[in-house]
Amino acid sequence: MQRSMCVAVMMALSGCATTPIPAEEADPVPIARLLAYQEALVDGATLIVTRDRGFTGSTCNTVFFINGKPAAEIGAGERATFQVLPDKRNIIGVSGAGVCSTGLKEREVSIGIGDVARYRISIDATMSMDLSPTAF
């Protein structure tokens, strides 16, 4: 009995976490919420960021940062593309916005000339936000 109760609780909690969405299936972030890093760069690098879809945290946008500067507000199931300097240490970060404000999570990323890096924003059942490399 206890075992089946534990399994039911685990299934319920896992249902609250967000799920990855391929960038090609995600909606583009509206232009009004793209704040920086949109200009094409000669010999630049491309960073694609996709926010998972799912119920958890879906009512609030997340603020995506590049090198400490707000670059976009990304909603659930959306993607944004950024142009960054290649072969340079770029610090990317994500935080909840407005009433959904959360702590800032940051990652270091270095992308080669002409390369594309893909990252995803996820939120788990405890409302903890993360930013990680993805194949999606």
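The values are calculated or read from the model by the stated rules, or taken from the named source; none is laboratory data. Everything numeric here is computed off the predicted structure, so don't read it as measured data. Here Cβ is always computed from backbone atoms with ideal geometry, including for glycine, and neighbour counts include all displayed protein chains. Surface areas here come from the heavy atoms of the whole protein model, side chains and all, with no ligands, DNA or RNA. Shrake-Rupley method; radii C 1.70, N 1.55, O 1.52, S 1.80 Å.
Scan Ala125, Ala117, Ala97 and give me the residue that is surrounded by 14 or more Cβ atoms within 10 Å (Cβ to Cβ), touching a helix residue (DSSP H, G or I) at 6+ places or on another chain (Cβ under 8 Å) and in contact (Cβ under 8 Å) with a residue 24 or more places away in the chain.
Working: Ala117 fails: touching a helix residue (DSSP H, G or I) at 6+ places or on another chain (Cβ under 8 Å); Ala97 fails: touching a helix residue (DSSP H, G or I) at 6+ places or on another chain (Cβ under 8 Å).
Sole residue among the options that is surrounded by 14 or more Cβ atoms within 10 Å (Cβ to Cβ), touching a helix residue (DSSP H, G or I) at 6+ places or on another chain (Cβ under 8 Å) and in contact (Cβ under 8 Å) with a residue 24 or more places away in the chain: Ala125.
The single condition from (1) open to solvent by 60 Å² or more (accessible area, probe 1.4 Å); (2) under 17 Å from Phe136 (Cβ atoms); (3) at pLDDT 95 or above that Glu73 fails is (2).
Exactly one residue out of Ala32, Ala36, Ala40 is assigned to a loop (DSSP other than H, G, I, E, B), more than 30 Å from Ala125 (Cβ to Cβ) and open to solvent by 20 Å² or more (accessible area, probe 1.4 Å): that is Ala40. Looking across the stretch 15-50, the residues that are β-branched (Val, Ile, Thr), in contact (Cβ under 8 Å) with a residue 60 or more places away in the chain and closer than 25 Å to Ser128 by Cα come down to Thr18, Ile21, Ile48, Val49, Thr50. Taking the numbered list (1) over 17 Å from Arg53 (Cβ atoms); (2) in contact (Cβ under 8 Å) with a residue 24 or more places away in the chain in turn, Thr134 passes all entries but (1).
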